[in-house]
1. Would you mind computing, in nm to one decimal, how far apart the modelled labels at SER370 and LYS2 are, each placed 7 Å from Cα along Cα→Cβ?
2. Using only the Cα atoms of the range 461-525, build the gyration tensor, take square roots of its eigenvalues as a ≥ b ≥ c, and label the shape rounded, prolate or oblate: rounded if a/c is under 1.5, else prolate if a/b is larger than b/c, else oblate.
3. If one takes the longest principal axis of the Cα atoms in the chain, at what angle in degrees, from 0 to 90 and to the nearest 10, does the Cα axis of helix 404-413 lie?
4. Can you sort ARG371, ARG346 from fewest to most other Cβ atoms within 10 Å of each residue's own Cβ?
5. Let a ≥ b ≥ c be the square roots of the eigenvalues of the Cα gyration tensor of the chain; is it rounded (a/c under 1.5), or, if not, prolate (a/b larger than b/c) or oblate?
6. Angle check, please: helix 351-366 long axis (alpha carbons) against the longest principal axis of the chain (alpha carbons), in degrees 0 to 90, nearest 10.
7. Can you tell me the length gained on complete extension of the stretch ARG490 to GLU363, counting 0.36 nm per residue apart and subtracting the Cα distance?
8. So what J values fall out for the range 334-346 if you push phi through Karplus, 6.51 cos²θ - 1.76 cosθ + 1.60 with θ = phi - 60°, rounded to Hz, Gly and Pro as x?
Amino acid sequence: MKSCAANDPQRLKTVDDLLALVRRIGFLPLFESGITGFSVEERTAAASWWTGDADTDPWEWRIMLSANPEIAYGKFFDKKAGFIHKDFFPVFANYRRNGYDFEALFDDELASYRAKRIMDAFELNDEAVGKEIMSNDLKYIAGFGKDGGEKNFNGIFTELQMQTYLIMSDFKQKKNKKGEAYGWHIAVMETPETKWGYDFTTSAYSEKPSDSWKKITAQVLRFFPNTNEKQIRKLLAIKYPGTETQPAEKKKSVPKPKKTVPTYPYNLLKDISDDMPDTLNEDQMEGLRYAVSTLKPNEQKVIIMRYEENKAQAEIGKILNLSNSRVGQIKLRALRKLRHPNRINRIKFGFVGEEQRMPKLKEDCKNANSRAEQIKLLKNVFFSDFAVSYGIHISMYDHNISTLGGLMEIMDRDLSELADMLHNNEEFLAEVFQKLEEYHVDCSKAKAATLHNRSIKKEHISELDLSCRTYNNLIRSGFDSIEQLKALIRDDPKRLLQIKGLGKKSIEELLSKLEDEGIDVSAVRKLL
């Protein structure tokens, strides 16, 4: 149950609190409504329900308010119970009825004969003013149930309340032959015209039902501004009599245009990369044919049958005597290979164009006005090919680290970051500089910084002959050189004691080894 805390300032404590809230909002569901806070349930404590105490039990309050001259109680909210204040009821009646009295509704064949049988029980004439019928009696008076033969009493009974033709005016218990009350309280039904008079109930008939709907919607949004239209419609809207649509006209749905399936080679290009040309010239087509020809025979067959011949994977599997999933694996592997710079650049720039692109690119870099312009030019020049020869894997899909332009950005920002990325492989770093210089990039500052770093003594912590546990914890925390540990002790000795995994025993071992190397560790020992 969605209730509120006992100390919530918005909690309803008495029936008078509830009456004041219904007066203020104009209408209120009894139970959780889909709109946060818009119900009696959400504004009362769970422990107060169904206790039988009329002072604190909201279930008892509904009995008291149903007989209140200001309140209409009934199944008004998505076929669930709630309250509507007298001042707002004509607005609901106009919207829900679409300006129809029930007799006129039936005459226009907009109400069923079974609904008419229920409404006839109230003898809607001047002599019947003040007539009330208990809901269990109404069922049999209208000819429903085993004896009468009509079916779906509850559904029609609820619909008449939703259309505001019936309300619950009180709750009473059955009486035995001695006149003693017994059992559950049963709803007593009447028409709102009986409770408030015909003229008052129909006083909003002069306005359009859609205008009444706008008033209802505006009232909800006034008190619950975060509510969306879908929530309001679900709770309050109905297909009112005589129409097939809600009061606010629905937008006509525009059929979505059918997706055009790209044909070969553009279906293949789409799966290779989003950054591919919209059209291919003859040189680029030659580059594509070359790229596909470099694949393994079974990969070529799958690519051709899937994309050029437009065969389904299952069909390809039958032809090649392979399972559906195996065909999918081969296709994905072939696509990965086609994304390799050696192949994808042949497609992008053409078979001949790729050969001609590099000299022109080098000339453009030479004539560039700034490093930013050089970086932009080199963003499409991959270097992952020669990285492999050094045993260094660099993803070709990340242009920030796999292209010469990306490397330039990192190098200019922080050379040590570049060295770490290249696994501190000095030979490889020198080749990167050489590659950049081929494109007329000035690497003199980076080279000088590299030489300076080499001159600094950076023995690896393996020289300390530490235990396996201590060594592994230092490596995991990013400390792989004695020089780093010296700097840490000098600048932030407390941080050394916070290295993850280093206990007292490991700390003592490390300090002893560093002292053997002639390093002053007194700053750390003072903290122990």
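Taken together, the values in this text are just the output of simple stated rules run on the coordinates, not laboratory data. None of these values were measured; they are calculated from a predicted model. Ideal geometry is used to build each Cβ from the backbone, glycine not excepted, and the neighbour counts take in all protein chains shown.
1. For SER370 paired with LYS2, the spin-label model returns 5.6 nm.
2. Rounded is the answer for the range 461-525, as its axis ratio a/c remains below 1.5.
3. The answer is roughly 90 degrees.
4. On the way: ARG371 13, ARG346 25.
Least crowded to most crowded, the residues run ARG371, ARG346.
5. On the way: a/c = 3.52, a/b = 2.01, b/c = 1.76.
Prolate is the answer for the chain, as a/c is 1.5 or above and a/b outweighs b/c.
6. Relative to the chain, helix 351-366 is tipped by roughly 80 degrees.
7. Values: separation 127, 0.36 × 127 = 45.72 nm, distance 4.94 nm.
Fully extending the segment from ARG490 to GLU363 adds 40.8 nm.
8. Working through the residues one at a time gives 5, 5, 4, 5, 5, 7, 5, x, 4, 9, 5, 5, 5 Hz.
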